[in-house]
Structures are given as structure tokens and as C-alpha cells.
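Heads up, the thing below is written out as C-alpha cells.
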Amino acid sequence: MSVAAPSKAGLYDCRDSFAKTIEALAEADPRIVTVVSDSVGSSKLGGFKTKFPERMVNVGIAEQTLVAVGAGLANGGKVPFVSAASCFITGRALEQVKADIAYSNVNVKLIGQSSGVAYGELGPTHHSIEDLAWLRLFNNLKLIVPADPWQTAEAIKAAAAYDGPVFVRVSRMAVPALDRPANATFEIGKAETLVDGSDATIIANGTMVHRAVAAAKTLAAEGISARVVNMATVNPLDDAVIAAAAETGAIVTVEEHSVRGGLGGAIAEVVISTNPVPMRILGFPGFVPTGSADFLFDHFGLNETGIADAVRQTIARKK
Amino acid sequence: MQEAALPSPATPLTTDLVGEIAAQALWIRRRSFQMVYEAQQGHPGGDFSATDVLATLYFGVMRYDPKNPRDPKRDRFVMSKGHCTGAFYSVLARAGYFPEADLSSYMEPLSKLNGHPNRNYLPGVETNTGPLGHGLPVALGIAIAGQIDNAEFRTFVLTGDGELQEGSNWEAALNAGHRKLENLTLIIDRNRLQQGARTEETASLDPLDEKWRAFGWHVENVDGHDHAQLLEVLSKSPKGREKPLCVIANTFKGKGVSFMHDNVAWHHGVPTKEQYEQAMRELV
């Protein structure tokens, strides 16, 4: 399955990959349905609606029912992909995610669209930089944050194939396709090392991965060998975290999320209880001011320069 | 009643089905009260208001096979008022989903019989409930799955009445009416008492029937302790109704025991030895 075409020169909107993949999966598996809350366009599910009108359930602007209906459809033998803006499908329906999906342990796929600060100028009500912290508490809910169009497609396929609850966080921010070996595969819970290195490890996911790769290149020119790990699955975490601590002795995490309780928090929990090494968590401090996503990334140092600086500083803290 | 596609523990359907349901309801009341007494925890007032609805559904209306609890063809029952596990677990055990002896472990450490039901522990539980306002939206999703497949199964959900103060119910009500989900039946345990006070003193629900009609539902008002009335409205075929069904079961909290009758203190009150013995003398 090839990925959807780039949305602009060399850059991709991962929602296109989500939409193309779910349509292909639905062709092959009649159990697949989509559930939306007036979120057809923002989920890029217009094509799905045209092809499978009877297999799209639009509950209107009602996120609690959106998520609960997903649980009910799974009970009725369907494989529902429940798709809405990440800020609402998580925060507004958090107790439904907890009780109806995770605690009930049902075969529902939650798709958090336009996550992070994609809706930058709309402000913190529409940012979703708390979602990973909230959802990470549900131990059996798989959490995937794909980094590019290929990984988005693979994550959606893996979610469909897995019998249980999964959350996939899909960005609308333009990202490049990452360089990978032709035989690369995706597996829930497996990280991928994109750049090898020995002085420090940058662990990133989602829209931050290509920025981490760029920072590693900058550092390499200075003679600093930084490993880059794409930790697309936040739950369960890959043991690559433990290896990174042991082998490079310094870790910098980068995510389009609050610094509280997300990818960095998850990694810190592992590092502190296995092999404590100097660590730095890059992300947003909390509610952020208005600005485009690209402005906010630069403003909070979530770019090549900011990541490289954090790596240098963290290496300096090594004993 | 429709021809049963699955063997039902209600069989053999004797000429006195109402009498059979009444006998099961009596057993459920006695057994659930014993559970609450032994655990010194529970929600016996709501157990008793819901018992006759549960007995009618499981022994007179629904098609299911307790030996194959996830049969795709089964009728579904969602216990939205998940705190009333005394009655719910009793009816599940009586229906054959698990041994009646297991009821003795109610709320003991590590018991499968949690204070609120867990589908991953107990067969016959469709979805985990406890927080209010969850059952109807999940039942809506089950009914939509049935509608997509043009399946024969029906979906029943029992809510409390105070529980209707949760807005999620009204999201689901709007959707079920919009979709004309005739395969969905909501039963409201209208005992008029919530945890702390009367519903009408807290956030009034009346006129409740008009609310549901306005949302596109067919509404039936019944005596929620009259097995014949419940049997009639619940077992009628939904085909051609083209509306979801809302049965307002007018009930009393603590029904069946004089000192608990319509008494808000028994929402989660637990009996002393003397009260337990008196209740058992009355529940005959």
C-alpha cells in the first residue's frame, strides 16, 4: 500500500494516509466502520463516506456518544475507527475512553486528528498537548504517534489487525517522508533507530522526528554522535529506552505535547527505575500563547537548533 | 413472543410465565439482599426497584444462551445502573451465566463480583458500567451495529431515573430517535429517588414521557413491579414501530420490604442482622 501523495512540495499531511489506508482496509474487511462527530471533513473521510455510506456513523457534535457508540459497535461485531479532533475525543470523552473502551477492553480504534498544536492560532481549547498524558494512564490502551505518511498507514493497518483498544494520534502538520530501508516494518511497541549514535540519544515521535534527525546532522558536523530513536508507540514503550540510557548515557526527548506526562514522562519513568542518566524533556510548558504551529515550535525550541542545544547541555551533565 | 432462536433458560415456557417470573424475582430479591448483608455493602434499594424488570427480561423476554455468552445473535442487555449489582449478579447467576455459589464472593477481595460489573470477569456483562450515563450511549452503538447488519437481535438497556440527569443520555436519545432504532429498548427504573433526595427535588425530570416523545421515541408507562405489564410491552415485536422504545417502569426503591419501601436511606444502606431477618420474613 503506497502512501498518499504529498500535500505540498515534498511534504505530507498524514491525514491523507489515514484516509487512504482506512478506505483500503474497509474494502477488504466489511467489519470496518467509521464513527465521526460531524468530523468527516477534518478527518478527511469524505472518500470513505462516498464509498461506504452505510458504514459511517455520524453522531453529530456529541463526543461522549461518539466514543460510547464505538464501544457498542465493537460489541455488535464491528471494527470501529472513531475519528475526531484529538482535543475533543480525549478530553471531552475521557471517562468514556476510560470505562467504555479501555476498562471494558474492547476492539475500538480511536483516531485523534489534528493533534498537538496543529490548530495553533485557535488557542489552547483546540490544542491537544495533554492527550498522551491522559491516555497513558490506561495501561491496556495502545498509544501510537506516527511520524510520517508511511508510518501513519502502517499504524492504521496494525491497529486494525490488533484485537483490542488502540489510540492513533494523527497530525495535520506537513512532514517529510523519513528515510528508511526498503524492508522497514512497523510493529506496535517497537521503536525504530533512524540515526545511530553513541554520545546521546534523542527520542522523539510524531512531527518532531524529522526535526530530531536534522539536529543529529548538525551535531554530527561538530563531532557529536547523537542517536535518533523514533518512539512511535508511547504505550507500551520499547526497551530501546533502556539501551539508549546504557549505551549513550544521555537522553533528550522531543514531542509535540506538554512536558508533563507525555513521551518524556513515560521515558523518565523507565530511565529512573533502570539506569538513571542525565535527561531533558522538550515540549510545551503548559497552555501556550496564540501562534501558528510553526511559530510555536520555534518559540519553544522544538526545532533543529533547540534540540541540538538540549543535546549539548545534557551531554555536559554526564559524570 | 417471537420464536426463540436460541435456547432460553426461561424454558420450559409453562402456561404460567408470569408466575415463573414472579418466582424468579422473589429469589433475586432474597439472594441479592443476602449478598448485601454478607458484604455489608451494596445498593439494595435500587436492587429491589429493578428486580422485576430484570426478572421479566431474563426469564420472559430475551433470547440468549449462557453457555455461549458472546453469541452474535444474542439479545443484549446493558445494565447502565451498574451500582445495582446485587440484583444484576443474582439474575445472571440464576440465568446460568455462572454458578450461584459465586454470589457468596460479592465484593470480597479479588472477587470477580466487583461492586460494579466487569465484562472481562463475568460472562453476560456486555460493557463495564458504574459511572452513570454510559449505558444508553453504548447500547445505541450496539443497536446501530444491528441496524447496519439488519440483524434480528434486540438491545435492552436499564437506567436509573436520577441517572438521566447525565447529559450523555440525551446525546444518545437524540441519535436513537434520529435513526429510528426500533431494535433499541430503554427501560427507566423510575423510582423517583436518587442517592440523596427525590429526583423532582433535585433536578426534576417530569414530564418524562413527553421528553422522550419529543426526542422521537415511542413511550410506554407501566407499573414496573407488574410482571404481566412488563412482559406485554417488552416482548412485543419491535418490527414496524420505526422508533426506539422507552419503557418508563414506575417503581419503588426498596420494593418488597416494608421498612425500605420508598425510603432514600436504602440507596446504599446495609441491613443489621435484625433487619435482614425481618426482610427475609417479608420476602416470601
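Assorted remarks:
- The listed residues are B:Glu171, B:Glu182, B:Glu163, and the only one of them that is facing another protein chain (nearest Cβ under 7 Å), crowded, with 20+ Cβ neighbours inside 10 Å, within 20 Å of B:Glu210 (Cα to Cα) and not polar (S, T, N, Q) turns out to be B:Glu171.
- Scanning segment B:159-192 for residues that are more than 20 Å from B:Arg76 (Cα to Cα) and either part of a loop (DSSP other than H, G, I, E, B) or modelled with pLDDT under 95 (or both) returns B:Asp161, B:Glu166, B:Gly167, B:Asn191, B:Arg192.
- Verdict on A:Val33 being closer than 18 Å to B:Ala143 by Cβ and within 14 Å of chain B (Cβ to nearest Cβ): yes
- Subset of segment A:181-202 [among the small types (Gly, Ala, Ser) and assigned to a loop (DSSP other than H, G, I, E, B)]: A:Ala182, A:Ala184, A:Gly189, A:Ala191, A:Gly197, A:Ser198
- With respect to the conditions (1) within 14 Å of chain A (Cβ to nearest Cβ); (2) crowded, with 21+ Cβ neighbours inside 10 Å; (3) under 22 Å from B:Asp75 (Cβ atoms); (4) without any contact (Cβ under 8 Å) to a residue 60 or more places away in the chain, B:Trp212 falls short on a single one, namely (1).
- Entirely in segment A:1-87, the strands (runs of 3 or more DSSP E) that have 2 or more residues that are surrounded by 24 or more Cβ atoms within 10 Å (Cβ to Cβ): A:32-36, A:79-85
- In segment B:96-120, the residues that are within 14 Å of another protein chain (Cβ to nearest Cβ) and without any contact (Cβ under 8 Å) to a residue 12 or more places away in the chain form Cβ pairs under 7 Å with partners that are surrounded by 15 or more Cβ atoms within 10 Å (Cβ to Cβ) and aliphatic (A, V, I, L, M), at six or more places apart or across chains, as follows: B:Asn118/B:Val125; B:Arg119/B:Val125.
- Segment A:224-236 - residue that is buried (at least 19 other Cβ atoms within 10 Å of the Cβ) and touching a residue at least 40 places away in the same chain (Cβ under 8 Å) and, of those, farthest from A:Ser128 (Cα to Cα): A:Ala226
- The set of residues in segment B:126-158 that are in a loop (DSSP other than H, G, I, E, B), closer than 15 Å to B:Asp75 by Cβ and facing another protein chain (nearest Cβ under 9 Å) comprises B:Glu126, B:Thr127, B:Ala151, B:Phe153.
The values are calculated or read from the model by the stated rules, or taken from the named source; none is laboratory data. Since this is a predicted model, take the numbers as computed values, not measurements. FYI the Cβ positions are ideal-geometry reconstructions off the backbone, even for glycines, and counts take in every protein chain you see.
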